[in-house]
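The values are calculated or read from the model by the stated rules, or taken from the named source; none is laboratory data. From a predicted model like this one, the values you see are computed outputs, not experimental measurements. Every residue, glycine among them, receives a Cβ derived from its backbone with ideal geometry; neighbour counts consider all protein chains shown.
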Amino acid sequence: MDFSKDKDLAKDFLINFADADGDAKYMLILQDVANRKIKAIQIDIEDLFNYKDLDEEFVGRVTSNTRRYVGIFADAIDELIPEPTEALQDDDHDILMTQRAEEGNENADGTDPKQKMPSEIKRFYEVYIRASSKGQPFTIREVRASNIGQLVKISGIVTRCSDVKPLMKVAVYTCEECGFEIYQEVTARVFMPLFECPSTRCKINQAKGHLILQLRASKFLKFQEAKIQELAEHVPKGHIPRTMTVHFRGELTRKVAPGDVVELSGIFLPIPYTGFRAMRAGLVADTYLEAMSVSHFKKKYEEYELKGDEEEQIARLAEDGDIYSKLARSLAPEIFGHEDIKKALLLLLVGAPHRKLKDGMKIRGDLHICLMGDPGVAKSQLLKHIINVAPRGVYTTGKGSSGVGLTAAVQKDPVTNEMVLEGGALVLADMGICAIDEFDKMDDSDRTAIHEVMEQQTVSIAKAGITTSLNARTAVLAAANPAWGRYDLRRTPAENINLPPALLSRFDLLWLILDKADMDNDLEMARHVVYVHQNRESPALGFAPLEASVLRAYISAARKLSPSIPRELEEYIATAYSSIRQEEAKSNTPTSYTTVRTLLSILRISAALARLRFAETVGQSDVDEALRLMQMSKFSLYSDDRQRSGLDAISDIYSILRDEAARANKMDVSYAQALNRISRMGYTEAQLKECLEEYAALNFMLSNILLRQAVVYDVVNDGKCLVSVIEMKDRRYANKRSPGDENYDPRTLQWWEFKSKHMDKVLRNLGELGCVQSLLPLAGARMTSRLDVNLRAFCELSHGLNGKDG
């Protein structure tokens with residue numbers, strides 16, 4: 001088939017195609033190639049579609065026979081490459097080409113193809129044809145045999161990468177007899193070297209000259225092999241993910257790493273088996289993808305280049321005084337509440353700068369956070385959302401991960417047959433985030449592998465003759481359930497957490513998320529969940545939540561800063577740390593252990609907060625917020641209210657009623673109001689009555705009223721009085737503070753406030769009990785048609801009432 005017409009079309013396209021600005025796009029690229037600024041020439045299929053002088057048949061031929069047309073475009077570029085416009089210093093390639101040009105006439109006759117210099121050895125650039133970005137990529141299982149030789153686009157996750165090795169493209173030999181250079185083009189992974197000189201002079205003289213391979217004069221390309229696996233959402237039900245081998249050459253090497261989610265365009269090609277595998281396989285051939293372009297779904301922070309509109313948007317966000325809260329609330333807005341936890345996760349994404357001391361010691365800047373809580377509080381959802389937002393993240397579970405799977409394993413490389421290290425989850429998450437769900441389900445032997453990673457951020461290996469350390473500069477985000485499935489309030493936090501102290505001390509923040517019954521909170525959460533379920537989006541937050549791409553752009557800009565601690569804050573931080581230690585030392589039952597790691601955690605959180613403000617130095621407000629987050633995380637673990645409620649529900653009900661009276665700034669709490677309040681907190685009416693009975697016997701005076709209504713008031717509550725009218729059975733209660741009690745004070749004056757439907761019966765019953773000596777005029781008393789009475793009586797308690805209680 002004659003491809004000369006297509007070559008002319010390719011030359012016309014390269015010369016005349018203009019971009020949106022009217023510039024000759026590819027001629028400018030060729031000039032940069034001539035000036036040795038770039039080596040790769042990317043030809044977009046979309047540009048071929050848009051060029052007016054090309055028909056669709058030409059584009060179809062390019063996409064269906066891509067490897068041939070890569071060579072056609074390369075031949076066209078050979079003829080169009082301009083002269084360099086800048087002064088260049090000759091490199092090894094130029095020196096060899098100059099020497100060959102001088103000796104070209106003496107080499108041999110040009111009729112022998114093996115003695116003719118191939119065009120491949122002259123090229124100092126590479127040509128790639130990139131697929132259109134408009135179409136949807138194939139899944140790996142959708143690539144069929146009919147796609148052999150075609151340009152296809154697939155998406156997946158990179159599972160492994162080989163080292164970059166040299167791949168021979170043109171082998172150059174020198175004959176010992178005639179001195180001629182012999183060229184051999186290599187088009188496959190394996191080739192048979194030449195041993196006997198094929199030149200005409202050696203054949204005529206029957207010299208059978210021996211050929212010597214000249215590695216210096218030969219041409220090599222960088223070569224890397226990778227495995228790409230189907231994404232989880234592309235795998236049908238009941239199937240396992242499929243994989244495909246990808247070959248990267250030249251400038252496309254080192255573009256991907258294990259764990260990257262990428263979109264590849266390339267040529268789908270067969271590769272025959274060799275050796276004994278070929279004997280067993282017969283006519284069956286393996287397949288691979290020769291990569292033409294690589295694009296990442298999520299760029300790394302250091303690779304993120306802000307565009308003009310993104311820079312303006314980030315500048316506007318940085319000027320917002322509430323950006324800290326908005327960024328946090330933009331994380332998983334579909335998940336209700338957890339505002340402080342989302343702030344902590346935001347700081348986990350931002351991180352603090354790493355510190356390297358003069359003697360080589362390193363202080364990590366990555367934050368580690370552990371979320372401990374009851375089932376169903378969205379721990380796993382938070383983990384997965386953070387992994388989606390982070391440019392580099394690995395998600396794994398505790399029970400499905402072994403120690404080797406987390407750190408590194410020794411395997412044989414199928415390309416080189418050498419023993420190589422295969423990085424585990426923590427190594428794959430280098431410079432990213434490793435989320436470990438079900439952290440408590442891990443075996444102790446496997447969990448110990450994380451200790452070195454969390455503090456030293458390296459993985460030390462001594463296996464199969466390989467002794468080395470791998471970088472694992474990752475932030476660990478763990479989620480765990482308590483030891484008994486749900487958090488047991490009657491047990492200490494140490495008994496509930498069930499993780500070794502050496503591991504817990506490495507976490508900068510440890511949050512406890514409890515699923516407590518609270519009617520108000522439960523109603524809001526239920527409405528939120530139902531709204532998300534119906535509308536597939538979160539309810540209005542008062543502002544437009546920032547998209548994941550904007551979050552990544554903002555965080556990448558913030559991570560470029562390296563804020564320092566000013567001298568004026570040294571004493572403030574030291575005093576705060578020492579006070580925490582002193583409070584812990586004074587506690588009879590210390591529930592946490594504050595170490596120097598806690599101080600470093602405060603510094604890391606403060607630096608992350610300063611990064612969010614785009615500040616060069618840490619401010620006191622950053623330190624205060626860091627201390628607040630530390631305190632809130634500890635409060636969630638070691639709350640006095642939680643310890644009290646775990647020991648005695650009756651005391652918790654009493655504190656709820658007292659807080660309700662203080663909140664309303666009243667001396668009375670109606671029975672209906674009290675029952676409603678404690679019901680929202682998860683308690684029953686029986687527990688309320690039990691509480692009232694017990695406190696009446698201990699600390700209260702209770703007047704028995706024949707109407708089965710009683711007035712209860714607290715006589716020892718910092719001079720305040722809590723009064724309730726409750727429906728009770730016809731029972732009498734004895735007050736321990738009777739006239740015979742040594743603590744009894746006859747001059748004690750108390751205010752009573754109660755409500756009754758029958759005022760006359762109430763007064764008569766109070767008189768029968770002998771507890772009322774005088775009644776003030778009922779000033780302001782109000783009667784209604786229902787005979788509701790708001791009676792405030794001033795009662796003087798005195799002794800000598802025949803043993804009756806007042």
Name the single residue, out of those in segment 169-225 being assigned to a loop (DSSP other than H, G, I, E, B) and among the acidic types (Asp, Glu), that is modelled with the highest pLDDT. Glu176
Please work out if Ser578 is of a type in the set (Ser, Thr, Tyr) and more than 16 Å from the chain's Cα centre (by Cα). yes
Based on what the data block shows, is Arg355 in the same structural domain as Leu629 (by TED's automatic domain parsing) and at pLDDT 85 or above? yes
Is it the case that Ala332 is of a type in the set (A, V, I, L, M), farther than 28 Å from Lys516 by Cα and either assigned to a loop (DSSP other than H, G, I, E, B) or in contact with a Phe, Trp or Tyr (Cβ under 8 Å, 6 or more places away or on another chain) (or both)? no
Cβ-Cβ below 6 Å, separation at least six or inter-chain, first residue in segment 553-575 and in the same structural domain as Leu317 (by TED's automatic domain parsing) and assigned to a loop (DSSP other than H, G, I, E, B), second buried (at least 20 other Cβ atoms within 10 Å of the Cβ) and among the hydroxyl-bearing types (Ser, Thr, Tyr): which pairs? Arg559/Tyr301
Just checking, does segment 427-434 include any residue being under 18 Å from Asp260 (Cα atoms) and β-branched (Val, Ile, Thr)? yes
Give the residues of segment 215-248 that are exposed (fewer than 14 other Cβ atoms within 10 Å of the Cβ) and closer than 20 Å to Val170 by Cα, sorted by residue number. Leu215, Arg216
On the given criteria, is Ser562 out of contact with any Lys or Arg (no Cβ under 6 Å at 6 or more places or on another chain), within 30 Å of Met431 (Cα to Cα) and at pLDDT 85 or above? yes
When residues of segment 403-442 are filtered for being of a type in the set (D, E, K, R), more than 24 Å from the chain's Cα centre (by Cα) and at pLDDT 75 or above, how many remain? 1
Restricting the first residue to segment 323-348 and requiring it to be assigned by TED's automatic domain parsing to the domain that holds Met630 and among the polar types (S, T, N, Q), which pairs with a second residue that is surrounded by 18 or more Cβ atoms within 10 Å (Cβ to Cβ) and modelled with pLDDT of 85 or more meet a Cβ separation below 8 Å and a spacing of at least six or different chains? Ser325/Lys343; Ser330/Leu551
Among Asn65, Asn107, which is surrounded by 11 or more Cβ atoms within 10 Å (Cβ to Cβ) and modelled with pLDDT under 85? Asn107
Using the structure shown, decide if Ala480 is of a type in the set (Gly, Ala, Ser), modelled with pLDDT of 80 or more and either in the same structural domain as Asp515 (by TED's automatic domain parsing) or within 30 Å of Arg189 (Cα to Cα) (or both). yes
Among Ile450, Ile461, the single one that is out of contact with any Pro (no Cβ under 8 Å at 6 or more places or on another chain) and within 17 Å of Val410 (Cβ to Cβ) is Ile461
With the condition kept exactly as written, say whether any residue in segment 27-47 is exposed (fewer than 13 other Cβ atoms within 10 Å of the Cβ) and more than 40 Å from the chain's Cα centre (by Cα). yes
Scanning segment 153-170 for residues that are within 17 Å of Arg249 (Cα to Cα) and aliphatic (A, V, I, L, M), the one surrounded by the fewest Cβ atoms within 10 Å (Cβ to Cβ) turns out to be Val164
Scan segment 207-219 and give yes if some residue there is β-branched (Val, Ile, Thr) and over 24 Å from Glu126 (Cα atoms), otherwise no. yes
